Amino acid sequence: MTKSILKLGLTILFIFTLQITTALADCDEPQTQTEMNICAAEEYKTADKELNEAYSKHTNGLSDAHLEALKQAQLAWIKYRDLACASFGLSAEGGSMEGMLVNMCRTRLTAERTDLLTDQFLSPEETEEADAEEAKPE
């Protein structure tokens, strides 16, 4: 029982420390590899949230067959993304950069997938508006 309490205490301490470290990371100008890793994970989390929102938004009103086909395609894409990015991370295998590289890859591929899903479900009018918006100089 003492070992169980010790394990629980260490787990809680680890989670608490990780939350503090994450909160203190300066993602505008990360200085350490730990900050870079945290920021890359946060960027991926944001990209994944945007993908899930786009998926939910664009699947409303689809037929059951269309929804099932899209679901299967999405599951296959997730498997591809995770395998491709794990492979990309192996260039720093076992090093402190590996997680950052994996998350950077996941962020890029997830953003591309979000754009693809969004474009796939835009009406012709929305497509013209989106193209016009992209063509505007900054």
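The values are calculated or read from the model by the stated rules, or taken from the named source; none is laboratory data. Note that the structure is predicted; figures quoted are calculated from it, not measured. FYI the Cβ positions are ideal-geometry reconstructions off the backbone, even for glycines, and counts take in every protein chain you see.
Here are a few things to note about the model shown:
- Segment 71-102: number of residues that are outside any helix (DSSP H, G or I), surrounded by 14 or more Cβ atoms within 10 Å (Cβ to Cβ) and among the small types (Gly, Ala, Ser): 0
- The single condition among (1) of a type in the set (Lys, Arg); (2) loosely packed, with under 12 Cβ neighbours inside 10 Å; (3) at pLDDT 95 or above that residue 113 does not satisfy is (2).
- Here residue 62 meets the list (1) outside any helix (DSSP H, G or I); (2) touching a residue at least 24 places away in the same chain (Cβ under 8 Å) almost entirely, failing just condition (2).
- Counting the residues of segment 11-54 that are exposed (fewer than 11 other Cβ atoms within 10 Å of the Cβ) and modelled with pLDDT of 90 or more gives 3.
- Contact map, segment 77-100: residues that are in contact (Cβ under 8 Å) with a residue 24 or more places away in the chain paired with residues that are loosely packed, with under 14 Cβ neighbours inside 10 Å, Cβ distance under 6 Å, separation 6+ or inter-chain. Pairs shown: 96/33.
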